[in-house]
Each structure stands twice: as structure tokens, then as C-alpha cells.
1. Which residue, chosen from LEU67, VAL34, LEU20, occupies the Cα position most advanced towards the positive end of the dipole of region 1-102, where the dipole is computed from +1 (Lys, Arg) and -1 (Asp, Glu) charges on Cβ about the Cα centre?
2. Can you list the aspartates and glutamates whose alpha carbon is less than 18 Å from that of LYS55, not counting same-chain residues fewer than 8 positions off?
3. Step by step: find N for region 16-63, compute 2.2 N^0.38 Å, then divide the Cα radius of gyration by it. What's the final number?
4. Which of CYS250, PHE166, LEU229 sits farthest toward the positive end of the charge dipole of the chain, with +1 on the Cβ of Lys and Arg and -1 on the Cβ of Asp and Glu?
5. Is there a quick way to get the dipole size of the chain? I mean about its Cα centre, with the Cβ of Lys and Arg at +1 and of Asp and Glu at -1; what is the value in debye to the nearest 20?
6. At a Förster distance of 22 Å, what's the computed FRET efficiency of LEU229 paired with LYS253, Cβ-Cβ distance as r, to 0.05?
7. Long-range amide H contacts for GLY152: which residues qualify at under 5 Å (H placed 1.01 Å from N, peptide plane, sequence gap of 5 or more or a different chain)?
8. Which one, ASN259, GLY82, LEU127, projects farthest toward the positive side of the charge dipole computed for the chain from Cβ point charges (K/R +1, D/E -1)?
Amino acid sequence: MNAANSETVLITGASSGIGLELARCFAADGCRLVLLARNTEALETLAKELRQAHKIDALVLTADLSLPETPARIFKELQGRGIRVDVLVNNAGFGANGAFAGLPLQWQLEMIQVNITALTNLTGLFLPGMVERRRGGVLNVGSLAGFLPGPGMAVYFASKAYVLSFSEALAEELAGTGLTVTALCPGPTATNFGNVSHGQKMRRLNTRKMPAATVASYGHRAFRKGKPLAIPGWPYHVLIFLIRILPRWCVRKMAGLFNRAKE
Ligand SMILES: NC(=O)c1ccc[n+]([C@@H]2O[C@H](COP(=O)([O-])OP(=O)(O)OC[C@H]3O[C@@H](n4cnc5c(N)ncnc54)[C@H](OP(=O)(O)O)[C@@H]3O)[C@@H](O)[C@H]2O)c1
């Protein structure tokens, strides 16, 4: 039995991609899971798989994080069921491709709601309990996009810059409390992300993508080790180093060219 096995882990966006694979990682630890997303059927299928494979409890919560009232509703529902969350995995997120002025403003605002506001709201609701109990932590799924501005995906890149900055600051605030915060910042990953954006097709990334299971297990390991930052893949460490040393105009141009080259 693993020391983590008495933990309850809430994972947002567990119905596909990185979130689904993170659920598999925490299930293998023996944790109780709360799986959250809009696609109930996908969540139920995963919950069934994990209950059978790991003999764990897995609760499915259907919820839309683009609705401002959702985090408080989830918090209340879990409190009502007597479920204490030890680890919060803020993974749900989406992007939208195209110049800011040409995209519906509604998408951009919903993106901020899911990628930033819901993540902050859930953290604000669940973290105080963890601090009080002096155990647990938060695993936030950011992105390599958080390290630079993203012409052609401006709000998405900016939302991930928020996730990165927020997570690193929290990690520092909580140092020595027994709690840890990790920002998992993957590069292009093979998931539904590139195909789905509020039902709109996104342009296809031609970049080589890392399997979602590899990204998730890297992030899970980093979280277990209490690392504030998890960047899967050494080429991305080189890229981040270049982003830091290159003049900002050059970084902006390169990011814009990369995003446009996705057609
Ligand atoms: N794929 C990449 O290249 C890549 C790279 C870096 C970072 N990321 C980040 O990784 C995270 C997971 O994305 P992914 O790549 O695994 O894509 P994905 O397969 O599309 O998964 C996204 C997850 O978020 C959930 N979600 C989206 N909108 C939601 C909403 N309004 N309410 C509740 N849940 C919602 C989806 O569930 P439902 O549709 O069932 O609601 C799904 O489970 C995101 O934060 C993304 O920004 C992805």
C-alpha cells in the first residue's frame, strides 16, 4: 500500500487527454478520485476502469467550469457528501486559434473563465482546508505557452502565463507547510486539445506530440516529489532557456510564426 492511498484527489478535465491519464496515475497510488468534466459518459467509463483495476472509489461529477457558479457548487456538493479533498488537480482547459480581434469575444471570456477563474476559484475553496490539515497540494496544468506571448493564440498563452505565475507563487507561499504546488507545463501533447475548442475546429499542429500518458506520469512524479515546476522533455528546457535570453521582439516574432505555421 502506498502512503498516498488515503488521499482524495479531485481532477478537473478527467474525461480525456492529460486529465484522464493523471487520473490513472493517482488511481495507481490507491487514491480515492473525484472525476470532473462535462462528458459524463467518458467519466463513467474511466471510473469503472479505475475501480476495477485499482479497487478504489471514484466519484463522477458532471460540471461545466465555464459557468461562474460551478466551483462553489462542486465545493458544496463534496462537503455535503462528507468528502475532503487532499489533492486538487486543475487540468481542465481549452484554447482558441486565430487573431484576437477575429475570434468571438465570448470564446475568449469562457477560456479565461475555465483556464484562470475556475482554477483560482477551486484552489481558493479547497486550499484552506489542506492548509488547516497540513497535508495535500495542488497540481495545475499550465503549458509551455505560459513562458511566452502567443500571437495567434493570445488569450490562451496569457491564461497559461497566469497559471504558471500563480502556481509558482503559491508553491513559495506554502513552502515548509507540508503542502506542495506543482505547475505541469507540457509542450504539444497528443490529446483532443487541437481538435476541440468550444465545438470549433482548430488548425492542426504539425509538431511532434508527446503521448498524454508520458506527460501525465511526468507531472504526477514531479508533484509527488514536491517540485514547483514540471516541464516534460529536455528540448523544452532548451527552448525555455532561449526564450529567457533572446530579445523579447524575437520571441514574439518566433511565437507568431509558429502559431501561423500550424495551418
Ligand atoms: N494538448 C496539448 O498540446 C497541451 C499542451 C500544453 C498544455 N495543455 C493543457 O492540458 C490541459 C488538458 O488538455 P488536453 O490536452 O488533455 O486536452 P483535452 O483532451 O481536450 O482535455 C481537456 C479536458 O478539459 C475538460 N474541459 C474543457 N472545458 C471544460 C469545461 N468548460 N468544464 C469542464 N471541463 C472542461 C474536457 O472535458 P469535457 O469536454 O468532458 O468537459 C477535457 O476533459 C489543458 O489545460 C491544456 O491547456 C495541453
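1. Highest projection toward the positive end goes to VAL34.
2. GLU7, GLU21, ASP29, GLU44
3. Rg over 2.2 N^0.38 Å, computed on Cα atoms: 0.98.
4. Toward the positive end, the furthest listed residue is CYS250.
5. Charge dipole, the chain, about its Cα centre: 680 debye, nearest 20.
6. Calculated value: 0.30.
7. It is PHE100, by chain and number.
8. ASN259
Every number in this text was worked out from the coordinates using simple rules, so none of it is lab data. The shown structure was predicted, so the numbers you read here are calculated from the model rather than taken from an experiment. With ideal geometry, Cβ positions are generated from the backbone for all residues, glycine too; neighbour counts draw on all protein chains shown.
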